[in-house]
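Participant: Below: one structure in structure tokens.
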Amino acid sequence: MTIPFRLYTHNHMVMNSENLDHIFSALSDPTRRALLEQLCEGEASVGVLAASYEMSQPAISKHIKVLERAGLVRKDRRGREHFVSANLTPAKEAAGWIEKYAQYWTAQFDAVEAYLQSKKETKQ
């Protein structure tokens, strides 16, 4: 049984491999996941974000750059301060990509199970 499967499409948006790489790379770090979780509560300045962690502001800025490259956050400059806000659209697109894989593999495992069941029944 073959199931048609398009790996990089979700909701009429094409997720290319590079975009997914950036998203999963950004989410692979616990500090970046915590930053994103914090930003889901509302925007914050880089200084406020840095104060929440035991690391320097430049270190937090590097983490924010990774999240920004993945499209998971937006940075806005107001005067001398940079404010950061969450953008969860790429995360939702990646989740859709994962869901397609889950559906595909569930169908594949169901097909194997059905095949094995039919073999078992023919032996009896």
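Participant: Separation between the Ala111 and Gln38 pseudo-spin-labels, each 7 Å from Cα along Cα→Cβ, expressed in nm?
Facilitator: A separation of 4.6 nm, rounded to one decimal place.
Participant: Here is a further query. Residue by residue through segment 109-124, which ³J(HN,Hα) values in whole Hz follow from phi under the Karplus form 6.51 cos²θ - 1.76 cosθ + 1.60 (θ = phi - 60°), with glycine and proline marked x?
Facilitator: My calculation for segment 109-124 gives 5, 4, 5, 5, 4, 5, 4, 5, 5, 5, 5, 5, 5, 6, 6, 7 Hz in order.
Participant: Name the long-range amide H neighbours of His82: under 5 Å, sequence gap of 5 or more, or other chain; modelled H, no Pro or chain starts.
Facilitator: Amide H neighbours of His82: Val46, Gly47.
Participant: Rounding to the nearest 10 and keeping the result within 0 to 90°, find how far the Cα-based axis of helix 30-39 lies from the longest principal axis of the chain.
Facilitator: Roughly 70 degrees between the two axes.
Participant: While we're on this one: If one puts a single equal scatterer on every Cα of the chain and applies the Debye formula without solvent, what log₁₀ I(q)/I(0) results at q = 0.11, 0.12, 0.13, 0.16 Å⁻¹?
Facilitator: -0.52, -0.57, -0.63, -0.80
Participant: Lysine pairs in the chain with Cα distance under 20 Å, only those 8 or more apart or on different chains: how many are there? Please list the in-between numbers first.
Facilitator: Numbers: Lys62/Lys75; Lys65/Lys75; Lys65/Lys92; Lys75/Lys92; Lys92/Lys100.
Lysine pairs meeting both conditions in the chain amount to 5.
Participant: Still on this model: Once phi is turned into ³J(HN,Hα) by the Karplus curve 6.51 cos²θ - 1.76 cosθ + 1.60 with θ = phi - 60°, what whole-Hz value does each residue of segment 94-105 show in order, with x for glycine and proline?
Facilitator: My calculation for segment 94-105 gives 5, 4, x, 5, 5, 4, 4, 4, 4, 5, 4, 5 Hz in order.
Participant: Would you please give the FRET efficiency between Gln103 and Arg69, computed as 1/(1 + (r/R0)^6) with r the Cβ-Cβ distance and R0 = 30 Å, to the nearest 0.05?
Facilitator: Numbers: r = 29 Å, r/R0 = 0.96.
The calculated FRET efficiency here is 0.55.
Participant: Just subtract the alpha-carbon distance of Ser85 and Ala51 from 0.36 nm times their residue separation and send over the number in nm, one decimal. Walk me through the intermediate numbers first.
Facilitator: Working: separation 34, 0.36 × 34 = 12.24 nm, distance 1.64 nm.
Residue separation times 0.36 nm, minus the Cα-Cα distance, leaves 10.6 nm.
Participant: Find out how many positive minus negative residues lie around Gly47, taking Lys and Arg as positive, Asp and Glu as negative, among other residues whose Cβ is under 11 Å from that of Gly47.
Facilitator: Numbers: positive: Arg80; negative: Glu81.
Cβ neighbours under 11 Å give a net charge of 0.
Participant: Multiply the residue separation of Ala95 and Glu121 by 0.36 nm, subtract the distance between their alpha-carbon atoms, and state the gained length in nm to one decimal. Don't skip to the end; give the middle numbers.
Facilitator: On the way: separation 26, 0.36 × 26 = 9.36 nm, distance 3.83 nm.
Roughly 5.5 nm would be gained on extension.
Participant: Another question about this same structure. Could you give the angle, 0 to 90 degrees to the nearest 10, between helix 57-69's Cα long axis and the longest principal axis of the Cα atoms of the chain?
Facilitator: 40 degrees
We did not get these values from a lab; they are worked out from the coordinates using the rules stated. In this text, all values refer to a predicted model and were calculated from it rather than measured experimentally. Positions of Cβ are generated from backbone atoms using ideal geometry, with glycine treated the same way; all protein chains shown enter the neighbour counts.
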